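Engineer: Handing you this structure, nothing more for now.
Derivation of every value follows stated rules applied to the coordinates shown; laboratory data play no part. Remember, it's a predicted structure, so these values are computed and weren't measured experimentally. Note: ideal-geometry Cβ built from the backbone for every residue, glycine included; neighbour counts use all protein chains shown.
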Amino acid sequence: MTISNDSSAPLVVIAGITGLQGGSVARALAESDKPYRIRGLTRDPSKPTAQAFAGQGVQLVGVSLTADNVAGVAKAFQGADIVFLVTNFNEHMDKQREISEGKMMVDVAKEAGVKLLIWSGLESLSALSGGKFSRVEFFDAKSDITEYAKQSGVPLVVVQAGYYATNIFEGSYALKKQPDGSYVFGLPVPATTSVPVIDVAHDYGLYVRAAVENPALGAGSEVQSGTLISFGEMVAKLSEVSGKKITYVQMTREVFIEATGMPEYGPMLADMFQAFEVHGYYGPRPTTRTDLLAREPRSWADFLDATAVKDLLP
Ligand SMILES: NC(=O)c1ccc[n+]([C@@H]2O[C@H](COP(=O)([O-])OP(=O)(O)OC[C@H]3O[C@@H](n4cnc5c(N)ncnc54)[C@H](OP(=O)(O)O)[C@@H]3O)[C@@H](O)[C@H]2O)c1
């Protein structure tokens, strides 16, 4: 991993460096043969994930990226040539908060005069479905921020994050172990429904690096990460690799919502999967050609080969 401290190297400021996306961006830029200075943002520079980057030459800045902290964010973005932004809906589950924080960071990046803003946006599933699937706040909020950033005129690349490969193993819609030791993976959509799966920690940064280094994906571009695969194919491969009996079940919407154990957010997740089935994760947009990247990203099968699957199974 080489990170420059030469003042002639572009300064890249990375929000969420201790997280999956931001960490992946830092590693992908460090892998490049081009030199970058990297400033990583976290609320807690003393945490081990942050300190690991400090040991590799990343400058850490402790800052809270909240809408009321414009001065702190301005200081954190000062001198940046490139800013990478991600918002974290999961931490507060508040659409308006996500939008306010995203817009504030866009404003501050523009004010700092960045040459490139890279934003981890998503589609509006409300807009794609003509209002039918209107509850998916973390997609719609990110789309609002994208529109705001486009209107602002800041040089912008939107790098959409695909469906995390790890989603199948953790959280409210993960596969569930049965009393006989087999597993069931249930969603409110047919097994043929496809999503662009990505090993986010390993590969998301590859797409961001391409936005920085490959003129074909430069300012004005929209990048869609991941490799399309159906839930049925994912389960079949996982079953083969793990040697476990794993069955895909199409649940009714009602059963799925109950199974999430989250009456408030279950309908949002059901809308999300149903929108994927009807309109696609990225709507009509194709996933980005992988020959534009510095290396091939991992497919689902590659991810399973590289992972201790037995440790991931609940
Ligand atoms: N799961 C999926 O399939 C999927 C797909 C596409 C997009 N997404 C989106 O991905 C986003 C999460 O990204 P991720 O996976 O990289 O998250 P993550 O691994 O949970 O990391 C979150 C990062 O955000 C930082 N952060 C959170 N709140 C902050 C604040 N107030 N001030 C400063 N830093 C803050 C954290 O830093 P510290 O804790 O160190 O301060 C951490 O580095 C979500 O918005 C989600 O909607 C998820």
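Engineer: Among residues other than ASN88 whose Cβ falls under 12 Å from its Cβ, what is the net charge (Lys/Arg +1, Asp/Glu -1)? Could you put the intermediate results ahead of the total?
Structural biologist: Details: positive: ARG43, ARG97, LYS142; negative: GLU91, ASP94, GLU98, GLU101.
Charge balance in the 12 Å sphere: -1.
Engineer: Ok, one more. Determine, for each peptide in 168-180, 86-98, 102-114, 15-27, the mean count of other beta carbons within 10 angstrom over its residues, then list the peptides with the highest first. Write down the numbers at each step before the final one.
Structural biologist: On the way: 168-180: 14.2, 86-98: 16.0, 102-114: 20.2, 15-27: 23.8.
In decreasing order of mean packing, 168-180, 86-98, 102-114, 15-27 become 15-27, 102-114, 86-98, 168-180.
Engineer: With the alpha-carbon atoms as the only input, what is the per residue convex hull volume for the chain in Å³? Walk me through the numbers before you get to the answer.
Structural biologist: Values: hull volume 41.7 nm³, N = 314.
Here the figure is 133 Å³ per residue.
Engineer: Right, something else. Report the dimensions of region 1-145 along its three principal axes from the alpha-carbon atoms, largest first, rounded to Å.
Structural biologist: Extents along the principal axes, in whole Å: 51, 30, 30.
Engineer: Right, another one. Expressed as cubic angstrom per residue, what is the convex hull volume of the alpha carbon set of region 225-314?
Structural biologist: Values: hull volume 11.7 nm³, N = 90.
About 130 Å³ per residue, rounded to a whole number.
Engineer: What does the charge count around LYS237 come to, taking other residues whose C-beta lies under 11 Å from its C-beta (Lys +1, Arg +1, Asp -1, Glu -1)?
Structural biologist: On the way: positive: none; negative: GLU233, GLU240, ASP302, ASP305.
Charge balance in the 11 Å sphere: -4.
Engineer: Follow-up question, since we're still on this one. For each pair in LYS34/LYS75; LYS132/LYS177; LYS142/LYS177; LYS115/LYS142; LYS34/LYS95; LYS95/LYS177, compute the distance between the two Cα atoms and list the pairs where it is over 29 Å. Intermediate values should be presented prior to the final figure.
Structural biologist: Numbers: LYS34/LYS75 26 Å; LYS132/LYS177 33 Å; LYS142/LYS177 33 Å; LYS115/LYS142 21 Å; LYS34/LYS95 37 Å; LYS95/LYS177 32 Å.
Result: LYS132/LYS177; LYS142/LYS177; LYS34/LYS95; LYS95/LYS177 exceed 29 Å.
Engineer: Express the relative contact order of region 135-267 as a whole percentage, based on alpha carbon pairs under 8 Å and six or more residues apart in sequence. Before the final figure, lay out the partial values.
Structural biologist: Numbers: 180 pairs, mean separation 40.7, N = 133.
About 31 percent, as a whole number.
Engineer: Where in region 205-314 are there GluC sites (Glu not before Pro) that are in a DSSP coil and have at most 14 other Cβ atoms within 10 angstrom of their Cβ?
Structural biologist: Working: sites: GLU213, GLU222, GLU233, GLU240, GLU254, GLU258, GLU264, GLU277; in loops: GLU264.
Qualifying residues, ordered by number: GLU264.
Engineer: Calculate the radius of gyration of the Cα atoms of region 67-155 to one decimal place, then report Dmax, the largest Cα-Cα distance, as a whole number, both in Å.
Structural biologist: Looking at region 67-155, its Cα Rg and Dmax stand at 13.4, 43 Å.
Engineer: Moving on to the next point. Can you tell me, using C-alpha contacts under 8 Å and at least 6 residues apart, the relative contact order of the chain as a whole percent? Present the calculation step by step, with values, prior to reporting the outcome.
Structural biologist: On the way: 612 pairs, mean separation 53.1, N = 314.
It comes to 17 percent, rounded to a whole number.
Engineer: Need one number: % antiparallel among DSSP beta bridges in the chain, to the nearest 5. Working shown, then result.
Structural biologist: Numbers: 6 of 34 bridges.
Beta bridges within the chain, antiparallel portion: roughly 20 percent.
Engineer: Could you give the length gained by full extension between ALA308 and GLU258, i.e. 0.36 nm per residue of separation minus their alpha carbon distance, to one decimal place? All intermediate terms of the calculation are to be shown ahead of the outcome.
Structural biologist: Working: separation 50, 0.36 × 50 = 18.00 nm, distance 3.01 nm.
Full-extension gain reported as 15.0 nm.
Engineer: Residues with beta-carbon under 15 Å from that of ALA275, excluding ALA275: net charge, scoring Lys, Arg +1 and Asp, Glu -1? Can you show the working numbers first?
Structural biologist: Numbers: positive: LYS132, ARG135, LYS142, ARG253, ARG285; negative: GLU123, GLU137, ASP140, ASP271, GLU277.
Every neighbour counted, the sum reads 0.
Engineer: Have a look at region 36-116 and give its Rg and Dmax from the Cα atoms, expressed in angstrom.
Structural biologist: 12.9, 36
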